[in-house]
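Asker: This is the structure I want to talk about, given as structure tokens.
The values are calculated or read from the model by the stated rules, or taken from the named source; none is laboratory data. Just so we're clear, the structure is a prediction, and the values are computed from it rather than from any experiment. Counting neighbours? That spans all protein chains shown, and the Cβs are built from the backbone with ideal geometry, glycine included. Accessible surface is based on the protein model in full, side chains and every heavy atom, while ligands, DNA and RNA are left aside. Shrake-Rupley method; radii C 1.70, N 1.55, O 1.52, S 1.80 Å.
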Amino acid sequence: MTSAPPDLDRLRPAGGKRSGKRDFIVNTFLRQEGHLSADDLVDLIRREDHRISRATVYRTLQWMVDAGIARKVDFGEGRFRFEHSYRHPRHFHLICKSCNQSSEFLSSDIEALIEEIATARNFAARQSVLQIYGECEDCRLGRRAAPINGATTELLFARDALRIAIATERSGLDFYTRAAGLTKDPRGRTVFQKLAAEEREHLGTLEKRYRDLIAGDPDLESRPTFLFFKGAASGLFAEGAKQLRGGVNDQQALLIGIRCERGSHKFFKKYGERFEDSEGKQVFLEFADEERTHLDLLMREYRALRERQARKPARRGASRRAAKRR
Ligand SMILES: [Zn+2]
Ligand SMILES: [Zn+2]
């Protein structure tokens, strides 16, 4: 899977002139992978066209940062490096001090913690940088490092987003199958059965998408994890399924379902919206929509159940209490 280059005209800041040199520098940068220093880029450019000056390359790099095509990263080497931001998810870095390779990861748990701290201190956070320095596995074991490139990060992102969505579908399917089994009200049972059938179908679609992705790069499955989403990895419905096992009535089962769907919808929407345009983002946003539909269906059913219960004649216990009061 290769991503189309960004629309440079759209990204060009107001007043920016068309320039063949600049387009050449931008396209060369976008073909590179990983984290380049300005001098790395100068070397690459001048190998192709020695008439382009160092100053032009520097200026173009800064322009790319301003236009949101490139991100500046500081690995503590006394100079900046640059990476694509186009279709490249925001992330944190693990940096090896022996081979200078950096590898990327993202964690919802770390992001949530940073948000929590900033909120507690009334701090308007704009950007957070997390860098972990040390020695990579390849260096420690004396292996030759296989560089992880930018294109791969995008694929890892899509892979992990699909894995999380699949885990959620599986736990959702388990949840609705159980709920259908224990619901006594026939209408409620039909709703849970319908949702179970939908989860099964979506699970099939996601699994196919996952297989297609892996087929494009057989090494993809064994590459290190990019997305660390602790709560979501085990499936956002796992907790709800556990509660069902404790024995609940129809109304409680619906409420647990509503809570799970709402949590799942919020989670996928929140992270989907934060990601840069990519397949991983798409997976999350589509999934958020699906959860929203399920949530609406469950809430409608919950209200209908409450209304049916309210219409039922007062039970004997209730009328006896009422009689006493008279
Ligand atoms: Zn290393
Ligand atoms: Zn990076």
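Asker: Is it the case that the range 86-99 has a residue that's touching a helix residue (DSSP H, G or I) at 6+ places or on another chain (Cβ under 7 Å), open to solvent by 20 Å² or more (accessible area, probe 1.4 Å) and within 16 Å of ligand 1 (Cβ to nearest atom)?
Answerer: Checked against the condition, which is being touching a helix residue (DSSP H, G or I) at 6+ places or on another chain (Cβ under 7 Å), open to solvent by 20 Å² or more (accessible area, probe 1.4 Å) and within 16 Å of ligand 1 (Cβ to nearest atom), the range 86-99 yields at least one hit.
Asker: If you don't mind, another one. Could you tell me whether the range 203-213 includes any residue that is part of a strand (DSSP E or B), more than 17 Å from Gly280 (Cβ to Cβ) and either of a type in the set (A, V, I, L, M, F, W, C) or open to solvent by less than 40 Å² (accessible area, probe 1.4 Å) (or both)?
Answerer: Looking for residues that are part of a strand (DSSP E or B), more than 17 Å from Gly280 (Cβ to Cβ) and either of a type in the set (A, V, I, L, M, F, W, C) or open to solvent by less than 40 Å² (accessible area, probe 1.4 Å) (or both), one finds none in the range 203-213, hence no.
Asker: Name, by its number, the condition in (1) in contact with a strand residue (DSSP E or B) (Cβ under 6 Å, 6 or more places away or on another chain); (2) more than 14 Å from ligand 2 (Cβ to nearest atom) that does not hold for Arg170.
Answerer: (1)
Asker: Here's something else I'd like to know. Could you check how many residues of the range 139-159 are surrounded by 15 or more Cβ atoms within 10 Å (Cβ to Cβ) and at pLDDT below 90?
Answerer: Residues in the range 139-159 being surrounded by 15 or more Cβ atoms within 10 Å (Cβ to Cβ) and at pLDDT below 90: 11 in total.
Asker: Which of the helices (runs of 4 or more DSSP H) found entirely inside the range 214-274 contain at least 1 residues meeting this: closer than 30 Å to Asp138 by Cα?
Answerer: Ranges flagged: 230-233.
Asker: Being away from ligand 1 (no atom under 16 Å from the Cβ), over 22 Å from the mean Cα position of the chain (by Cα) and not hydrophobic (A, V, I, L, M, F, W, C) is the requirement here; does Asp66 meet it?
Answerer: yes
Asker: Can you find a residue that is at pLDDT below 90 and either within 16 Å of ligand 1 (Cβ to nearest atom) or surrounded by 16 or more Cβ atoms within 10 Å (Cβ to Cβ) (or both) anywhere in the range 115-126?
Answerer: no
Asker: Only one of Ser264, Ser222 is open to solvent by less than 70 Å² (accessible area, probe 1.4 Å) and at pLDDT 85 or above. Can you tell me which?
Answerer: Only one candidate passes the filter, namely Ser264.
Asker: Pull out all pairs, ordered by first then second residue, where Cβ-Cβ is under 7 Å, the residues are six or more apart or on different chains, the first lies in the range 120-139 and is over 23 Å from Phe80 (Cα atoms), and the second is in a loop (DSSP other than H, G, I, E, B) and open to solvent by 70 Å² or more (accessible area, probe 1.4 Å).
Answerer: Asp138/Arg144; Cys139/Ser98
This table checks each residue for (1) assigned to a helix (DSSP H, G or I); (2) within 28 Å of Ser85 (Cβ to Cβ); (3) modelled with pLDDT under 85.
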| position | (1), (2), (3) |
| --- | --- |
| Gly280 | yes, yes, yes |
| Leu285 | yes, yes, no |
| Asp289 | yes, yes, no |
| His294 | yes, no, no |
| Leu298 | yes, no, no |
| Arg306 | yes, no, no |
| Gln309 | yes, no, yes |
| Ala323 | yes, no, yes |
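Asker: Restricting attention to the range 80-91, and to residues there that are touching a residue at least 60 places away in the same chain (Cβ under 8 Å) and more than 10 Å from ligand 2 (Cβ to nearest atom), which single residue is farthest from Val65 (Cα to Cα)? Reasoning before the result, please.
Answerer: Step one: list which residues in the range 80-91 are touching a residue at least 60 places away in the same chain (Cβ under 8 Å), which gives 83-91.
Now drop any that are not more than 10 Å from ligand 2 (Cβ to nearest atom), which leaves 86-87.
Numbers: Tyr86: 11, Arg87: 14 Å.
Per the criteria, the residue is Arg87.
Asker: In the range 175-191, which residues are assigned to a loop (DSSP other than H, G, I, E, B) and of a type in the set (D, E, K, R)?
Answerer: Lys184, Asp185 - these are the residues of the range 175-191 that are assigned to a loop (DSSP other than H, G, I, E, B) and of a type in the set (D, E, K, R).
Asker: Could I ask something else about it? Note down all Cβ pairs under 8 Å where the first residue falls in the range 92-104 and is under 9 Å from Asp138 (Cβ atoms), the second is within 13 Å of ligand 2 (Cβ to nearest atom) and open to solvent by 50 Å² or more (accessible area, probe 1.4 Å), and they're at least six residues apart or on different chains.
Answerer: Gln101/Pro147
Asker: I've got another one for you. Could you list, in sequence order, the residues of the range 69-80 that are away from ligand 1 (no atom under 16 Å from the Cβ) and of a type in the set (D, E, K, R)? Explain how you work it out, then say what you get.
Answerer: At the first step, the residues of the range 69-80 found to be away from ligand 1 (no atom under 16 Å from the Cβ) are 69-74, 78-80.
If the condition is that a residue be away from ligand 1 (no atom under 16 Å from the Cβ) and of a type in the set (D, E, K, R), then Arg71, Lys72, Asp74, Arg79 are the ones that fit.
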